[in-house]
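Okay, so here's the structure we're looking at.
The values are calculated or read from the model by the stated rules, or taken from the named source; none is laboratory data. As the structure is a computational prediction, the values presented were derived from the model and not from experiment. Please note: Cβ atoms are built from the backbone with ideal geometry, for glycine as well, and neighbour counts cover all protein chains shown. Accessible surface is based on the protein model in full, side chains and every heavy atom, while ligands, DNA and RNA are left aside. Shrake-Rupley method; radii C 1.70, N 1.55, O 1.52, S 1.80 Å.
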Amino acid sequence: MAATLARRAGRSAAAALWGAARGFASVGSDIVSAAPGVSLQKARSWDEGVATKFSTTPLKDIFYGKKVVIFGLPGAYTGVCSQAHVPSYKNNIDKLKAKGIDSVICVAVNDPYVLNGWAEKLEAKDAIEFYGDFDGSFHKSLDLEIDLSTALLGRRSHRWSAFVDNGKIKAFNVEEAPSDFKVSGAEVILDQI
């Protein structure tokens, strides 16, 4: 039902309708309050994990006092994620920074070690911060979790993007299907900042 309404409403209203129908964070809400007590794991090697005692980063440290573009995707090393989603942000990093964005973040339901290897393979680690949502709690809190068991991925994230200013969601985009790449790329969010 929400997807049908979103399709009829067009891109700009799609995320608002999706959020209203499903009850998760939407434009105007505080992303940290929407996911209370959730922390993410910055992409890193195993040795870095050991050295930091497997530390996590609270959402308030990621979002408060900053302008952040964040995008979520189904998972590391998957087709659209590797070939289009991450490259769209990597290739537009200078334009995003020119608009005052402090950080561009990619988050996926993966462990931080897989994300680290993937970020290095994509040569994107210098431009984009990668965070693991190892147990899916961040995406579940935002009601962005999707069951991709048919693709042998299990519980993952919808494909989405957001512009967050000091914790407040200013723009929010959710694709209708995990294989879609129509509203969550850097080109769309650039026009929303």
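Measuring nothing but how far apart in sequence close Cα pairs (under 8 Å, 6+ apart) lie, relative to its length, the range 29-191 scores a relative contact order of 30 percent.
Here the Kirkwood formula puts the hydrodynamic radius of the range 29-191 at 15.6 Å, using every distinct Cα pair. Solvent exposure of residue 26, expressed as accessible area, is near 30 Å², computed with a probe of 1.4 Å over the protein chains only. Across the range 49-100 the C-alpha pair distances fall into 5 Å bins from zero in the proportions 4, 15, 16, 16, 21, 20, 7, 1 percent.
Accessible area per residue was computed with a 1.4 Å probe on protein heavy atoms; residue 111 scores about 60 Å².
Amide hydrogen proximity for residue 157: with H placed 1.01 Å from N in the peptide plane, the residues at 5 or more positions away or on another chain lying under 5 Å are 109, 146. Largest accessible area first, the listed residues 94, 61, 133 line up as 94, 61, 133 when surface is computed with a 1.4 Å probe on the assembled protein chains. Approximating the spin labels as points 7 Å out from Cα along Cα→Cβ, the residue 91-to-residue 51 distance works out to 3.4 nm.
Counting only heavy atoms of the protein chains and using a 1.4 Å probe, residue 135 has close to 90 Å² of accessible surface. Rounded to the nearest 5, the antiparallel percentage of DSSP beta bridges internal to the range 29-191 is 65%. Remark on residue 171: its backbone amide H falls under 5 Å from those of 163, a criterion applied only to residues 5 or more positions apart or on other chains, H modelled at 1.01 Å from N. With a 1.4 Å probe and all protein chains left in place, how much accessible area per residue does the range 29-191 have, in Å²? Solvent-accessible surface per residue comes out at 43 Å².
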